[in-house]
Each structure stands twice: as C-alpha cells, then as structure tokens.
Amino acid sequence: MSAYTGTKCGGAQGGQLQVWEATSNNGGCSASTSSTITILSRTTTSPSSPPVQSPFLRDFPSDQEFLEGGVELSPTKADSTEDFLPLSTQPLAALDTDAALQHFWPSDLVSPKALFLDYDGTLREFESSPELAVPTSELMSLLQALNDRPDLRPHIISGRSSEFLEAHFGSLNAFTLIAEHGYHISPPVADGDCRSWKLWEHFGGDANHFTKHKNWKATLREAMSRLADQNPGSRVEEKQSSLVWHYRQLADEAAADTAVAKAFEDLEQLCKRERLQDINLTKGHKVLEASYRNVRKGLVMRRLCEEKALFGEPYSAVLAAGDDVSDETMFEAAPRDFLTIKVGAGSTGASLRAQTPEELRQFLWRLVSCR
Ligand SMILES: O=P(O)(O)OC[C@H]1O[C@H](O[C@H]2O[C@H](CO)[C@@H](O)[C@H](O)[C@H]2O)[C@H](O)[C@@H](O)[C@@H]1O
C-alpha cells in the first residue's frame, strides 16, 4: 500500500519522495507515471524539478503554498495493485480473501487509515424525501464502531447540509463531517466538545461565502420553483451553496424523464443567458442540482489527504465510497491504490462495486473487525 501524500512549504519532511504525476482509474484506464525529486521545502525545490501539474488539481485557485500533485512514499506496492484488481470495476467480493484486503487495507501499520463515506444511497438507502432518510440505529452502531477505532480517520462526505450532518453525526467526535459536497467542513473534536464548521476556503479551496451566491440563487430559485409548480409532487431544496430540484415523487416515470431532460436544458440555457459561469448543473439520483463549480468532493478528499501527509501523518490506506455523480469526482481524484467503491448500478470510475448500501455496510463491519 502506498501512502498518498502531498507536499507543502515547510510541512514536508526532507528526503527522496516519489511524485505521483497523474493517476486516474476513471473508466478503468489507469495511467500513472512517477518521478523522484528531493523535497526540502517549496523554496528549496530545485528549478530542474518543477512542481508537477496534476490534472485533478488544476481547478484549484493559485495557492502558492501547495505543490500541485501528490507524493507516493512506497510506489512498489502500487505497481502490484493490478495483481489484486484488474482495471475494470470488480464486485466488492473481489476483496473476499484476506490477502486482497490486506493489500488495500493493511492491518500491520501504525499510520492511520481514512474512510470517505458518502451518505444518501451509499451508507443509507434512499427514501421518497430527504427528511425521511435519517440514519437507522444499525447504521449508527456501525459509524460508532468506526468512530471508536483509534487507527481510523472516518469522514462523511455528503451533499447534505451542515445542519443535517451535525444533527445526526455531530456526536461522532472522530469523524470529519463534509457538507454540501465540500462547501463546509467540520474537523474531528475531542470527545464532548462542540463542533465548528469551516468553509472549504479555509482548506485552500475556493468556496466563496454564501452571501456571494445570492445572485445566481435568486435567478435559479425562481426557475426551479416554477418547475416545482409545473410538476406537482416535486420540490426545491435550498442549501447554502446549492439549489436542488427533487422529483423522486413524480409518479409517471416516462413523463418525469421528459420533464427532467427539458428542465436540464432550460436551466442550462438560463445559466448561459445570465452568464452564471461558476455554476455546475448536475443530474443526480432523482435530483437536478445547481451548485458552485469549484466545490467538488474529489478536490476536497484529495486536499484533506494531502494536508495530513504534509504535516507528517500520511494515511496508510484510503477508502472512498459513493453512489452518485458527485462521488465520481472522488474516484477520479483517487490514485489507483485507494479503495474506491461505487454503490449501485451505473458507469463508474471506481475499482469496486457494492450492489447496495447493505453490502457496503457489511464490508465496513468487516473492516471494523479486522485489526
Ligand atoms: O452526497 P449525498 O450524501 O449522497 O447527498 C446527495 C443528495 O442527497 C439527498 O437527496 C437524495 O436522497 C434523498 C433521500 O433518500 C432522495 O429522496 C433524493 O432523491 C436523493 O437524490 C439530499 O436531499 C440532497 O441535498 C443531496 O445533495
């Protein structure tokens, strides 16, 4: 297992490190190259070893403190990854043997292992409306068990609001909670302490405080409300950095598909007309979501992994699981030896697939029990 890390001025330890230039397992194509450079600090990096441009980080604002790209400490193990997982997506059962699991999830290392877990459709089955999809007691026991393992660094990385995540998972003090696809982040706290939330901006990302989102939201809110009126049963959910049109409750599926295709086109046109350039329109599971373009789960996951490494605590393994379009950004940003798990049907860049949230939860219970 290679620890995926990054470097930051003053944070990286000196020595020979392996730079991961470009790795993607998207669509089953993994292309990675690596080169060795000596890193002391950004200012001492030799001009003959320029910062490596990573395709996953190119949307970051110019953050001079970060060397773009990641650092792989033990590339030899990554090379043998394909012995365990071919490039195409495999059933999660491919990790049934202890040897395969050990490769991605070693139990003999002192460095912690991180989990980036999406919520709706991944940890928890869908419901007809967001209010109904609260965590079950079985899910809470699983999350508590992950929380209690000192060698794990669990994260919930969700499209849900910070209020929802805090209300249901705030007491899981070892968890990092990531709301609205990365717009808000709440780091772990000491047991019993209150949580605080920071904008993605504070982690080097470009979030823009929500007051700056007022204009585009005003325009799209009106259009989405019209959609809800025209399609009885559908509704609009508003979060700080996004607007979501939910249509799960439209009974006539064929009519819903037509309405959704038209709605997507209309909203796209509206964004063009009004020059709402920073807005991403995505089709998720029975939702159309308009959100701020520079906040994406993949960027956030990668930056948080890098930050740990920069401060001398690289993860020995990382698992990312999700079911939807927003989770694909995590799979795209993940080096090949991250454990990436798509939940449910549909095309994916993940290495593994669990058929249902239930199957994923069983797998997580297995991780809880291995020492
Ligand atoms: O990133 P996630 O944790 O997967 O959140 C994505 C969206 O989840 C919610 O909507 C989804 O779950 C609802 C409850 O099961 C379901 O009714 C809806 O059809 C799903 O799309 C949530 O309401 C959104 O805000 C999140 O962006």
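The values are calculated or read from the model by the stated rules, or taken from the named source; none is laboratory data. None of these values were measured; they are calculated from a predicted model. Glycine gets a Cβ as well: all are built from the backbone with ideal geometry, and neighbour counts include every protein chain shown. Remember, those area values only see protein heavy atoms, side chains included, never the ligands or the DNA or RNA. Shrake-Rupley method; radii C 1.70, N 1.55, O 1.52, S 1.80 Å.
What to note about this one:
- One decimal place: the segment Glu163-Ser225 gains 20.0 nm when fully extended, by the rule 0.36 nm per residue minus the C-alpha distance.
- Kirkwood-type radius of the stretch 209-292, with distances r between different C-alpha atoms, in Å: 12.8
- Electrostatic tally near Ala345: other residues with Cβ closer than 11 Å to its Cβ, Lys and Arg +1, Asp and Glu -1, net +1.
- Taking every protein chain into account, the accessible area of the stretch 168-253 amounts to 47 square angstrom per residue (probe 1.4 Å).
- Efficiency of FRET from Cβ geometry, Ser347 and Gln277, R₀ 30 Å, rounded to 0.05: 0.65
- Using heavy atoms of the protein chains and a probe of 1.4 Å, the accessible area assigned to Asp229 is about 120 Å².
- Cα-based Lys proximity count in the stretch 237-332, under 18 Å, for pairs eight or more positions apart or on separate chains: 9
- Estimated inter-spin distance, Glu313 and Glu268, nm [label 7 Å along Cα→Cβ]: 4.4
- Close amide H partners of Thr340, meaning residues 5 or more places away or on another chain with modelled amide H under 5 Å apart, are Ala320, Ser351, Leu352.
- For the stretch 332-371, the residues whose backbone nitrogen is under 17 Å from a point 7 Å from the Cα of Ala145, taken along Cα to Cβ, are 357-371.
- Accessible surface of the stretch 209-292 [probe 1.4 Å, protein heavy atoms]: carbon and sulfur percent: 46
- Net charge contributed by nearby residues that have their C-beta within less than 11 Å of Leu139 (K/R +1, D/E -1): -1
- Residue-by-residue Karplus 3J(HN,Hα) for the stretch 284-291, coefficients 6.51, -1.76, 1.60, Hz, glycine and proline x: x, 6, 6, 9, 10, 10, 10, 9
- Taking a sphere under 14 Å around the Cβ of Trp197 and counting the other residues whose Cβ falls inside, with K and R at +1 and D and E at -1, yields a net charge of -1.
- Label-zone membership for the stretch 157-175, site Leu132, 7 angstrom Cα→C-beta point, backbone N under 16 Å: none
- Relative contact order (percent, whole number), the stretch 148-296, Cα cutoff 8 Å, 6+ residue spacing: 17
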